[in-house]
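Chemist: Take this structure, written in structure tokens, and hold onto it; I'll ask about it next.
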Amino acid sequence: MRDTWSFFPSGKIIFGNGAIHKLGELLTSMKAQHIFLITDKGIEQSGMLSLVLSILEKGNFNVKVFDATIPEPPISVVLECYEYAKSQINADVIIGLGGGSSIDLAKVVALLVAHGGRPQDYFGENAIPSPIAPLIAIPTTAGTGSEVTSVAVVTDTDNNIKVGISNNYLRPAVALLDPELTLQLPPYVTACSGIDALAHAIEAYLAKDFKYIQAEGEILFQGSAPISDTLALQAIELISKNLITAVQQGTNLEARSNMLLGSLLAGLAFSNAGTAAAHALAYPIGGIAKSPHGEVTGLLLPYVIDFNARTMEDKIRRLSQALLIPASSHQSSVDATQAVVAHIMDMLQQIGLPTRLSSIGITKEQLPEIAEKALKIDRLIRNNPRTATLNGFIELLEKAY
Ligand SMILES: [Fe+2]
């Protein structure tokens, strides 16, 4: 049994409409002159890159841009970006501008700038010896929470798998969140990233209590604890109230702002508590289906809640409140679980996302292999409140099929 929990906050957080215009004074306060900015072509085409560059021009900063980020960047792109940074500029500050992939790439480049070597040298947990280079993360999507989390995901193309680098030193020094930068996100991307943020918050909240996590020594994902629970519940409420509006009325700034805040709080929660079965199962499914990560975690979420519900009856009732489900709709804990599951299914349908594995190209024959692979992801599996077994996971996947 573990006696203590700890909570790692992130660096400075700046949040609000127009926050991007604080970038110049922020860099000045960090005594930065040479800036390396990492983004992607979509951000360049949307006009957001030129907005940021015009702000930087006013401060006479020396700026070099890498705009060739691709989703879940392969190691070759990480090395290309790192070599470009080294050849162009002796950066005081690195900026990641974009979705989770640009921010993750910026994290790994900031790691290599500080410590050298190759991304492979740092795979897994706790392989980073000391702080990375100063990093400012500016998200343009509401979902990954990468602007505050301790994780970066890259693709190991030699072995054809996604690999995480997880370490509290990876949390950016500054998260600069401006809801206005998310107004242009198309509905499908808003839906996938938003439901993933909800999955982060719900999995962090329903994670096994920290006392019962079976692991020795310092661990990154510690299970449910008071601060992560509080942040997760607030995130669930914000996302539940605003996701459908953000998808259906993309220019609704209030909904966009609440989604960005919800995803930030979810990021702080899950990067301490961890996620569980929905994320563990999503990794092998994502390898087969090529669906966006959030489409898979969102699809699995109601089935995983149903799978776990009997071990978490009090928390399920509290979850149904956070999802704003009327208390009159359920008298018993079984009713509460059914109401939560039906509510999330309804959300998925309203935001146009699939609710069945068969509709994202998974075949029935693949289910046992998916269950087997997911069970090997110990850092997530040990967090799941109900003990995961091969038969239990296959049954869960058959229900989701
Ligand atoms: Fe996720």
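The values are calculated or read from the model by the stated rules, or taken from the named source; none is laboratory data. None of the values given here were measured: they were computed from a predicted structure. Every residue, glycine among them, receives a Cβ derived from its backbone with ideal geometry; neighbour counts consider all protein chains shown. All accessible areas refer to the heavy atoms of the entire protein, side chains included, with ligands and DNA or RNA removed. Shrake-Rupley method; radii C 1.70, N 1.55, O 1.52, S 1.80 Å.
Chemist: Which whole-number percent gives the relative contact order of the chain, counting Cα pairs below 8 Å spaced six or more residues apart? All intermediate terms of the calculation are to be shown ahead of the outcome.
Modeler: Values: 800 pairs, mean separation 62.0, N = 401.
Over the chain, the number comes to 15 percent.
Chemist: Then there is this: Taking R0 as 51 Å, what FRET efficiency do you get between residue 249 and residue 156 from their Cβ-Cβ distance, rounded to the nearest 0.05? Walk me through the numbers on the way to the answer.
Modeler: Working: r = 39 Å, r/R0 = 0.77.
Efficiency computed from Cβ-Cβ geometry: 0.80.
Chemist: Using all alpha carbons of region 52-195, what is the percent of pairwise distances in each 10 Å bin, ordered from the shortest bin to the longest?
Modeler: 12, 43, 35, 10, 0
Chemist: Return the carbon/sulfur percentage of the accessible area of the chain, one whole number, probe 1.4 Å, all protein chains in place.
Modeler: Working: 8070 of 16010 Å².
The C+S portion of the solvent-accessible surface of the chain is 50 percent.
Chemist: Compute the helix-to-body angle for 100-115: its Cα long axis versus the longest principal axis of the chain, expressed 0 to 90° and rounded to tens.
Modeler: Rounded to the nearest ten degrees, it is 60.
Chemist: Taking the Cα centre as origin and putting +1 on Lys and Arg beta-carbons and -1 on Asp and Glu beta-carbons, what dipole magnitude results for the chain, to the nearest 20 debye?
Modeler: Values: 29 positive and 38 negative charges, 67 e Å.
Charge dipole, the chain, about its Cα centre: 320 debye, nearest 20.
Chemist: With label points built 7 Å along Cα→Cβ from the Cα atoms of residue 21 and residue 33, find their separation and express it in nm.
Modeler: For residue 21 paired with residue 33, the spin-label model returns 2.8 nm.
Chemist: Would any residue of region 114-131 have its amide N under 17 Å from a label point 7 Å out along Cα→Cβ of residue 64? List them or say none.
Modeler: 114-117
Chemist: For region 27-186, give the magnitude of the charge dipole about the Cα centre (Cβ charges: +1 Lys/Arg, -1 Asp/Glu; no others), in debye to the nearest 20. Working shown, then result.
Modeler: Numbers: 9 positive and 16 negative charges, 69 e Å.
Here the size comes out at about 340 debye.
Chemist: First measure r as the distance between the Cβ atoms of residue 216 and residue 310, then evaluate 1/(1 + (r/R0)^6) with R0 = 30 Å and state the FRET efficiency to the nearest 0.05.
Modeler: With R0 = 30 Å, the Cβ-Cβ based efficiency is 0.55.
Chemist: Moving on to the next point. Projected onto the charge dipole of the chain (+1 at Lys/Arg Cβ, -1 at Asp/Glu Cβ, origin at the Cα centre), which of 153, 13, 390 gives the Cα projection farthest towards the positive end?
Modeler: Positive-most Cα among the choices belongs to 13.
Chemist: May I pose another question? Under 19 Å between alpha carbons, and skipping anything fewer than 8 positions from residue 22 in its own chain: which lysines qualify?
Modeler: 12, 31, 58
Chemist: Tilt of helix 75-88 relative to the longest C-alpha principal axis of the chain, in degrees (0 to 90, nearest 10)?
Modeler: Roughly 20 degrees, rounded to the nearest 10.
Chemist: Give the aspartates and glutamates whose C-alpha is closer than 20 Å to that of residue 399, dropping any in the same chain fewer than 8 places away, or say none.
Modeler: Result set, ordered by chain and number: 203, 295, 306, 335, 346, 365, 369, 372.
Chemist: Need one value: the accessible area of residue 210 in square angstrom, 1.4 angstrom probe, rounded to the nearest 10.
Modeler: 20 Å²
Chemist: What span do the alpha-carbon atoms of region 231-319 cover on each of the three principal axes, reported in whole Å from largest to smallest?
Modeler: If we take the Cα atoms of region 231-319, the spans are 36, 35, 23 Å.
Chemist: Roughly how much of residue 375 is accessible, in Å² to the nearest 10, using a 1.4 Å probe?
Modeler: 50 Å²
Chemist: On a 0 to 90° scale, report how tilted helix 187-206 is relative to the longest principal axis of the chain, with both axes built from alpha carbons and the result rounded to the nearest 10.
Modeler: Taking Cα atoms only, the helix is inclined about 60 degrees.
Chemist: So which lysines can residue 211 reach, going by Cα to Cα under 28 Å and dropping same-chain residues fewer than 8 places off?
Modeler: 315, 373, 376
Chemist: Next question, about the same structure. So how do 174, 341 rank on accessible area, 1.4 Å probe, biggest first, that is with the largest at the start?
Modeler: Values: 174 5, 341 30 Å².
So the residues, ranked largest to smallest area, are 341, 174.
Chemist: I want to check the label-to-label distance for residue 83 and residue 327. Put each point 7 Å from Cα in the C-beta direction and report it in nm to one decimal.
Modeler: 6.3 nm
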